[in-house]
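The values are calculated or read from the model by the stated rules, or taken from the named source; none is laboratory data. The model shown is predicted, which means the values in this text are computed figures rather than measured ones. Cβ: placed from backbone, ideal geometry, glycine included. Neighbour counts: every protein chain shown. Heads up: the accessible areas ignore ligands, DNA and RNA and are worked out on the full protein's heavy atoms, side chains in. Shrake-Rupley method; radii C 1.70, N 1.55, O 1.52, S 1.80 Å.
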Amino acid sequence: MKRIGLLTSGGDCQALNAAMRGVVKGLSSNLPANELEVYGFFNGYKGLIYGDYRMLTSKDFSGILTKGGTILGSSRQPFKLMRVPDEKGLDKVEAMKHNYYKLGLDCLVILGGNGTQKTANLLREEGLNIIHLPKTIDNDIWGTDMTFGFQSAVNIATDAIDCIHTTASSHNRVFIVEVMGHKVGWLTLYAGIAGGADIILIPEIPYDIDKVIEAIDRRTKAGKGFTILAVAEGAISKQNAKLSKKELKEKMDKNPHPSVSYEIAAAIQKKTGVEVRVTVPGHTQRGGSPCPYDRVLTTRLGAAASKLILNNEYGYMVGIVNGKTKKIPLADVAGKLKMVSPDDQVVKEAKMIGISFGD
């Protein structure tokens with residue numbers, strides 16, 4: 001008998017259900033009938049802490065390959081607060097361990113991003129059998145070439161940029177499309193290139209607003225009537241990048257603009273007189289059905305995870321490296337962030353075709 005737990009934590013994305021389906025189908029297809037029990041914990045680690053769960057059946061995993069979101073629900077439980085008792089004094093880590101052992105679980109499969117992964121590694125250190133599957137639209141998890149949810153989000157962000165092209169060209173305006181990504185710019189980079197953005201601004205490459213305006217002017221002088229900027233929500237100016245965290249927070253608290261895109265738009269309008277519009281796709285980038293790529297990726301990751309469970313191999317993240325699934329020790333990747341390097345080949349190639357990064 002194999003008893004496994006499943007939970008999805010952090011921000012949602014399009015292929016969480018497909019990934020859970022892959023794990024369960026991989027196990028049920030290779031175990032005798034009635035030799036598998038699956039328990040789903042609701043709303044992420046909150047369900048594991050407070051014992052909010054139920055046993056799942058094959059019916060729960062039928063028809064969810066194409067369904068976005070997560071059938072288990074999700075929540076954000078900051079890693080830095082996991083060792084801090086809740087408002088009633090409950091020790092969260094001990095509570096999670098208690099519910100794990102109470103159900104007699106052989107393994108807990110955790111789907112989530114960086115913060116989720118750090119807590120998964122904490123539970124591994126506490127003696128629990130853990131498998132982690134890398135989920136995030138940001139593609140910023142160390143040790144895997146691709147996270148599920150990323151490609152689906154790229155498709156949506158690209159569609160937004162595609163739609164802006166026609167109205168931008170009709171009105172000869174500058175348009176800014178703000179793409180998700182507070183710390184890392186993979187999503188903006190890929191969507192910007194795929195959507196034909198003229199300027200791409202990401203957190204890893206601080207921008208100079210004068211360089212941004214120079215890029216707009218070059219297009220104007222070349223007879224191009226419009227310019228499209230793909231801007232990560234965490235894009236930062238060279239001036240702000242030099243500030244300490246405290247100084248930056250104080251400055252942002254006084255900032256009258258709702259986001260960096262509106263700040264950039266105001267600066268462009270003030271210096272050039274050109275009309276600028278901002279579009280924010282927001283949480284649509286997390287929504288909808290997973291794209292075919294993510295369906296295949298999560299099915300493969302789920303199958304690879306089920307193989308580890310059948311072989312009693314625990315303490316790993318299952319990633320994709322050079323096109324192949326690979327088990328990576330959680331201890332080697334937890335807490336690490338995969339960022340865009342200014343020297344990344346993709347960045348250099350984007351610059352080669354004339355895309356400006358404002359640097």
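Under the condition of being at pLDDT 95 or above and of a type in the set (D, E, K, R), the residues counted in the stretch 47-59 number 2. Cβ-Cβ contacts under 7 Å between residues 6 or more apart (or on different chains), taken from a first residue in the stretch 132-151 that is within 13 Å of residue 339 (Cβ to Cβ) and open to solvent by less than 10 Å² (accessible area, probe 1.4 Å) to a second residue that is modelled with pLDDT of 95 or more and in a strand (DSSP E or B), are listed as 141/134.
Among the residues of the stretch 211-234, at least one is among the small types (Gly, Ala, Ser), surrounded by fewer than 23 Cβ atoms within 10 Å (Cβ to Cβ) and under 16 Å from the mean Cα position of the chain (by Cα).
One residue is enough: does the stretch 182-191 have a residue meeting the conditions assigned to a helix (DSSP H, G or I), under 30 Å from residue 27 (Cβ atoms) and open to solvent by 10 Å² or more (accessible area, probe 1.4 Å)? Can you show your working first?
Taking the stretch 182-191 as the starting set, the residues that turn out to be assigned to a helix (DSSP H, G or I) are 186-191.
Keeping just the survivors that are under 30 Å from residue 27 (Cβ atoms) gives none.
No: zero hits.
Which of the residues belonging to the stretch 319-357 are touching a strand residue (DSSP E or B) at 6+ places or on another chain (Cβ under 9 Å), assigned to a loop (DSSP other than H, G, I, E, B) and of a type in the set (D, E, K, R)? Once the filter is applied, which keeps residues that are touching a strand residue (DSSP E or B) at 6+ places or on another chain (Cβ under 9 Å), assigned to a loop (DSSP other than H, G, I, E, B) and of a type in the set (D, E, K, R), the stretch 319-357 yields 336, 338. Taking the criterion of being within 25 Å of residue 98 (Cα to Cα) and of a type in the set (S, T, N, Q), the residues of the stretch 120-158 that qualify are 121, 129. Output the residues belonging to the stretch 82-124 that are out of contact with any helix residue (DSSP H, G or I) (no Cβ under 9 Å at 6 or more places or on another chain) and outside any loop (DSSP other than H, G, I, E, B). Selection gives 94, 98, 101, 102.
Does the stretch 310-318 contain any residue that is assigned to a helix (DSSP H, G or I) and open to solvent by 70 Å² or more (accessible area, probe 1.4 Å)? I'd like the intermediate steps shown before the answer.
Applying the first criterion (assigned to a helix (DSSP H, G or I)) to the stretch 310-318 yields 310.
Restricting the remaining residues to those that are open to solvent by 70 Å² or more (accessible area, probe 1.4 Å) gives none.
Taking every residue of the stretch 310-318 in turn, none turns out to be assigned to a helix (DSSP H, G or I) and open to solvent by 70 Å² or more (accessible area, probe 1.4 Å).
Here residue 202 clears all of (1) open to solvent by 10 Å² or more (accessible area, probe 1.4 Å); (2) at pLDDT 90 or above except the condition numbered (1).
Residue 211 meets the conditions (1) touching a strand residue (DSSP E or B) at 6+ places or on another chain (Cβ under 6 Å); (2) farther than 25 Å from residue 149 by Cβ in every case but one. The failed one is (1).
Within the group 347, 274, 340, which residue is open to solvent by less than 40 Å² (accessible area, probe 1.4 Å), more than 18 Å from the chain's Cα centre (by Cα) and not basic (Lys, Arg)?
On the way: 274 fails: open to solvent by less than 40 Å² (accessible area, probe 1.4 Å); 340 fails: more than 18 Å from the chain's Cα centre (by Cα).
Every option except 347 fails the conditions.
Examine the stretch 64-74 for a residue that is open to solvent by 60 Å² or more (accessible area, probe 1.4 Å), touching a residue at least 60 places away in the same chain (Cβ under 8 Å) and within 22 Å of the chain's Cα centre (by Cα), and state whether such a residue exists. It would help to see each step written out before you state the result.
First, the residues of the stretch 64-74 that are open to solvent by 60 Å² or more (accessible area, probe 1.4 Å): 66-67.
Filter once more, so that each one left must be touching a residue at least 60 places away in the same chain (Cβ under 8 Å): 66-67.
Add one more test, that the residue is within 22 Å of the chain's Cα centre (by Cα), and what stays is 66-67.
Yes.
Against the definition (more than 23 Å from residue 139 (Cβ to Cβ), modelled with pLDDT under 95, of a type outside the set (A, V, I, L, M, F, W, C) and open to solvent by 40 Å² or more (accessible area, probe 1.4 Å)), how does residue 102 come out, yes or no? No: the conditions fail for residue 102. For the stretch 224-243, the set of residues classified as outside any helix (DSSP H, G or I), at pLDDT 85 or above and not β-branched (Val, Ile, Thr) consists of 224, 226, 229, 230, 232, 233, 234, 235, 237, 242, listed by residue number. In contact (Cβ under 8 Å) with a residue 60 or more places away in the chain, open to solvent by less than 90 Å² (accessible area, probe 1.4 Å) and not acidic (Asp, Glu), is that true of residue 265? Answer is yes for this residue.
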